[in-house]
Amino acid sequence: MDKKWSTKLIHFDAKVPEGFRSLSTPVYRGSTVLFSHAAAVRDEWDQYEFGYSYGLYGTPTVLQLAERICELEHGHRTLLTPGGQCAISFINLALLKAGDHILVPHSIYEPNRLFANEVLQRFGVKVTFYDPTLGSGIEALLRPSTRLIWTESPGSVTMEVQDIPAICQAAHRAGAMVILDNTWSAGVLFDAFGHGVDITMQALTKYVGGHSDLLLGSVTARDKQTFDRLGAAQQLLGAAVSPDDASLALRGLKTLAVRLRAIGAAAMDLAQWLAERPEMEIILHPALPSCPGHELWRRDFTGSSGVFSIVFREEFSKQQVLSFVDALELFEIGYSWAGVTSLAVAYDFRGNKNRPNYGHRIVRLNIGLEDIEDLREDLARGLKAL
Ligand SMILES: Cc1ncc(COP(=O)(O)O)c(C=O)c1O
């Protein structure tokens, strides 16, 4: 058909050579997905089964990231969400209904705890918080209505390593599912499904992204039945993922192994050095015997990443702990972690009777990719400022 120029802006005949091969995954953007003929139109979320239907369910860029996370975690299939916290709320909303009961450890990422307390309880879900070190003792907390047990290992800030196999056994005997926030392990240092977990989630924002410049989450299901429940909910919750962010995460994946190796080794070295310092009461690094659950880490994990916490001795005031953080020049102050920049954040657990008694004396460190001797010098500078 002979088209006017304004029509050609949209329906063009211009051609480029075919056969371009590159090492990077193209960024496919798209909300509308084209069907070949009128009768082929269908709105199905499962694009693996029915083919592409709408950008909300993922363009090829997003699906490639999902499949590659799934491959690394040995799951059945993975869905992506616009952030790690969205993965958490999404799992809860997809699987729970009024009258259900869930178990959440005290050591869980704080917004996960708040979602349970403030949103789920409002919708009639009963929530019990539990001691993360309970292991098989969790059996005593299970009720006929218990649907989910949340786990995070090691826990946020206080770093307790959980007995995931024992929790899974107790849960499965009672017909409940176990969900693991597997972010600290980047989905690779702990084989969640091999240890019995039913659903994992990660904040890909952290190690997979790796450069503090994107927000993404993943939800990986052990089997098709669970994946189908999650997928149907994703269609209705409408949590779409940007292909540009997925493309950055795909780039992050290429260097994940070397980053984790370097960061893990540096964090271990600095944790051991800090453990020798007289200002320290305890170092909460899963690979050190001082960390609650260290023996479980030795049994179940294949390595450690770059986040750990340090607890100052009792004589140090809150002001002194803050002065330590402020005196650091290379460690920046900020939330999130797992990027290439080292970070330090002081926490205050006074008044929280459910967390170990570390009070105002706990600081979480994220080790980045700076020269380790410079980081050691920086920490020594901070300690001098106490
Ligand atoms: C353990 C853990 N899970 C989930 C999240 C949430 O991830 P996002 O920041 O991508 O929402 C975080 C963020 O700090 C986290 O530390």
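The values are calculated or read from the model by the stated rules, or taken from the named source; none is laboratory data. Only a predicted model underlies this, so the values are computations on that prediction, with no experimental measurement involved. When we count neighbours, we look across all protein chains shown, and the Cβ atoms used for this are built from the backbone with ideal geometry, even at glycine. Calculation scope for accessible area: heavy atoms of the full protein, side chains included, ligands and nucleic acids excluded. Shrake-Rupley method; radii C 1.70, N 1.55, O 1.52, S 1.80 Å.
Just a few scattered comments:
- Qualifying residue in region 63-72 (condition: outside any strand (DSSP E or B), of a type outside the set (Asp, Glu) and over 21 Å from GLY217 (Cα atoms)): no
- Restricting attention to region 323-337 and to residues that are over 27 Å from the mean Cα position of the chain (by Cα) and either free of Cβ contacts under 8 Å to residues at least 40 places away in the same chain or open to solvent by 60 Å² or more (accessible area, probe 1.4 Å) (or both), the residue that is farthest from the ligand (Cβ to nearest atom) turns out to be GLU329.
- ASP163 more than 16 Å from the ligand (Cβ to nearest atom) and touching a helix residue (DSSP H, G or I) at 6+ places or on another chain (Cβ under 6 Å): yes
- Count - residues of region 355-386 that are part of a helix (DSSP H, G or I), free of Cβ contacts under 8 Å to residues at least 24 places away in the same chain and closer than 15 Å to SER309 by Cα: 0
- Looking only at region 73-97, residues that are closer than 20 Å to SER145 by Cβ, outside any loop (DSSP other than H, G, I, E, B) and not small (Gly, Ala, Ser) come to 4 in all.
Rundown of residues vs (1) in contact with a helix residue (DSSP H, G or I) (Cβ under 9 Å, 6 or more places away or on another chain); (2) closer than 19 Å to LEU237 by Cβ; (3) touching a residue at least 24 places away in the same chain (Cβ under 8 Å); (4) surrounded by fewer than 21 Cβ atoms within 10 Å (Cβ to Cβ), yes/no style:
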site: GLU44; (1), (2), (3), (4): yes, yes, no, yes
site: GLN47; (1), (2), (3), (4): yes, yes, no, yes
site: GLN64; (1), (2), (3), (4): yes, no, yes, yes
site: LEU72; (1), (2), (3), (4): yes, no, yes, yes
site: HIS76; (1), (2), (3), (4): yes, no, yes, yes
site: GLN85; (1), (2), (3), (4): yes, yes, yes, yes
site: ILE91; (1), (2), (3), (4): yes, yes, yes, no
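- ILE149 being open to solvent by less than 10 Å² (accessible area, probe 1.4 Å), over 26 Å from VAL62 (Cα atoms) and at pLDDT 95 or above: yes
- Selection of first residues in region 207-218 that are free of Cβ contacts under 8 Å to residues at least 40 places away in the same chain and of second residues that are near the ligand (Cβ under 10 Å from one of its atoms), restricted to Cβ pairs under 9 Å at least 6 apart or on distinct chains, gives the following pairs, ordered by first then second residue: LEU214/LEU204; LEU214/THR205.
- Within region 175-192, if we keep just the residues that are surrounded by fewer than 24 Cβ atoms within 10 Å (Cβ to Cβ), farther than 15 Å from GLN225 by Cα and among the hydrophobic types (A, V, I, L, M, F, W, C), the residue that is nearest to the ligand (Cβ to nearest atom) turns out to be LEU189.
The rows are residues; the columns are (1) open to solvent by 100 Å² or more (accessible area, probe 1.4 Å); (2) over 30 Å from LYS224 (Cβ atoms).
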{"residue": "ASP2", "(1), (2)": "yes, yes"}
{"residue": "ASP13", "(1), (2)": "no, yes"}
{"residue": "GLU18", "(1), (2)": "yes, yes"}
{"residue": "ARG21", "(1), (2)": "yes, yes"}
{"residue": "VAL27", "(1), (2)": "no, no"}
{"residue": "ALA39", "(1), (2)": "no, no"}
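- Residue match in region 129-144 (condition: open to solvent by less than 30 Å² (accessible area, probe 1.4 Å), under 20 Å from PHE193 (Cα atoms) and out of contact with any helix residue (DSSP H, G or I) (no Cβ under 9 Å at 6 or more places or on another chain)): yes
- Residue count for region 307-339 under the criterion of being closer than 26 Å to GLY84 by Cβ and part of a strand (DSSP E or B): the result is 6.
- Qualifying positions in region 343-369 - away from the ligand (no atom under 16 Å from the Cβ) and closer than 12 Å to ALA267 by Cβ: LEU369
- Every pair of residues 6+ apart whose Cβ atoms lie under 8 Å, when the first sits in region 297-321 and is open to solvent by 10 Å² or more (accessible area, probe 1.4 Å) while the second is polar (S, T, N, Q): TRP297/SER304; PHE301/SER185
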